[in-house]
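The values are calculated or read from the model by the stated rules, or taken from the named source; none is laboratory data. As the structure is a computational prediction, the values presented were derived from the model and not from experiment. Cβ placement follows ideal geometry from the backbone for every residue including glycine, while neighbour counts extend to all protein chains displayed.
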Amino acid sequence: MKLDAKALRYLSAEDFRVLTAVEMGSKNHEVVPTSLIAQISQLRHGGSHKILGDLAKRNLVARVKNIKCRYRYRCFDPLNKASKFIPPSRNAYAYLDDGYRLTYGGYDYLALKTFARRGSVYSVGNQIGVGKESDIYIVANEEDQQLVLKLQRLGRVSFRTIKSKRDYLQKRKSASWMYMSRLAAMKEYAFMKVLHENGFPVPTPIDLSRHCVVMELIDAFPLRQVDEVKNVGKLYSDLMDMIVRLARYGLIHGDFNEFNILIRDNGDPVLIDFPQMVSTSHANAEFYFNRDVECIRVFFKRRFGYESVLYPKFGLDSNREFDLDVQVAASGFSKKLQEELEAYQAVIEQAEDLTEEIDDEGAEEDREEEDVDEDESEDETEETETSDEVKLQEHDSQTDALVDDIKA
Ligand code: ADP
Ligand code: MG
């Protein structure tokens, strides 16, 4: 997914209004009916129609036609290792209209626009990283200072799988890529901020909007690309000390590996990538702690032929003295939001083992097809908001407020 910064310059105020209307509508509609977009954007009759066509051509929104479907859920049955369809139920709802959904392109646009307005991003440069669930770009602010923009792309790989398994999430509507990407960005920002404030070597967090974080650009290479270090023993103990110090502050990185540790010229490590951090009070804390330690031990042995009998052990070396996990929760990224994201991440982990079985039924893009019920009845069910949707809407406006709180 390429970030198209050019669109920024070409969109008119009315285009922006319509795009914003699609985003607002997305908070409680997976596909936003065209009529609702017109209503929210309040342009003169027919005005939003043409604009929607233009936005779709630029891939900022995607049109979804004839959505008179009822949803049915394809669920994965772990016992039989097969997926089965659950027929439409009274809870399944129907859209009768044509509609649009926001694409990642559109969501990127809205975030960039916000950054531009706040002066944190002025221009977009090269892409420096493509993760499984993120894209990383070099950007510059108005003072021409280079920064890093990280865009979360949750659901890019296995959205279908997630959808089919969302019963396990028990968060039916909130398992959308937009919402989950936003949670991941909020979490990354909240943790980076609290770590930075407590003197950990992490990039300075600069701004947050939707699924995107702007942070300091670290002039360093990932440990993965480093073949030689001046003092291997020192780096090893610096990294183990960092794991222990994090735990003393109540935190476990959870993905402490050669990709997420950057090494400066002088040999100092910098830690990045925080969407999977957990508290040392987490039920599986010991497992995550040991996995982080093991990652470093295995890498040092393989890359540098370095082995040490000294390595930290959970509990012995990590008695907590501070409560950064509590601070993060207090800063606005609540425990409840963390749990929602964790549930998603757990499903992704499971899903990775099972993708083959589930993905054998066609391309990821076949959303429309998948959602259409074959023996679709023509009964004109009124489109109603389920209580779930109302809840999510409330929840979403709360998180909007929280983003501002976290930034404050
Ligand atoms: P992912 O979640 O996809 O693993 P990361 O945050 O780990 O994303 O970033 C991926 C890569 O982008 C890193 O390995 C690093 O090379 C680069 N990168 C990310 N953030 C920065 C930064 N602040 N400064 C320099 N490089 C960065
Ligand atoms: Mg990473």
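Quick look at the numbers
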read-out: Subset of the range 246-261 that is farther than 15 Å from M192 by Cα and of a type outside the set (F, W, Y) - its residue that is nearest to ligand 2 (Cβ to nearest atom); value: N257
read-out: Residue under evaluation P222, criteria (1) more than 16 Å from ligand 2 (Cβ to nearest atom); (2) closer than 15 Å to R303 by Cβ, criterion not met; value: (1)
read-out: Subset of the range 187-208 that is under 30 Å from R303 (Cα atoms) and in a helix (DSSP H, G or I) - its residue that is farthest from ligand 2 (Cβ to nearest atom); value: H196
read-out: Some residue of the range 268-282 being modelled with pLDDT under 95, in contact with a Gly (Cβ under 9 Å, 6 or more places away or on another chain) and surrounded by fewer than 17 Cβ atoms within 10 Å (Cβ to Cβ); value: yes
read-out: Breaking point among (1) crowded, with 21+ Cβ neighbours inside 10 Å; (2) not in a helix (DSSP H, G or I), for E321; value: (1)
read-out: Top-ranked residue in the range 127-157 [being within 7 Å of ligand 1 (Cβ to nearest atom) and not in a strand (DSSP E or B); ranked as surrounded by the most Cβ atoms within 10 Å (Cβ to Cβ)]; value: E133
read-out: Failed item in (1) farther than 21 Å from L324 by Cα; (2) surrounded by fewer than 21 Cβ atoms within 10 Å (Cβ to Cβ), with R245 passing the rest; value: (1)
read-out: Given (1) at pLDDT below 95; (2) among the charged types (D, E, K, R); (3) closer than 22 Å to Q152 by Cα, index of the condition K230 fails; value: (3)
read-out: Residue match in the range 193-202 (condition: free of Cβ contacts under 8 Å to residues at least 60 places away in the same chain, within 10 Å of ligand 1 (Cβ to nearest atom) and among the β-branched types (V, I, T)); value: no
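A quick yes/no check of all residues on (1) at pLDDT 95 or above; (2) more than 22 Å from F314 (Cα to Cα); (3) among the small types (G, A, S); (4) crowded, with 22+ Cβ neighbours inside 10 Å:
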{"site": "M186", "(1), (2), (3), (4)": "yes, yes, no, yes"}
{"site": "Y189", "(1), (2), (3), (4)": "yes, yes, no, yes"}
{"site": "M192", "(1), (2), (3), (4)": "yes, yes, no, yes"}
{"site": "E197", "(1), (2), (3), (4)": "yes, yes, no, no"}
{"site": "S209", "(1), (2), (3), (4)": "yes, yes, yes, yes"}
{"site": "Q225", "(1), (2), (3), (4)": "yes, yes, no, no"}
{"site": "F256", "(1), (2), (3), (4)": "yes, no, no, yes"}
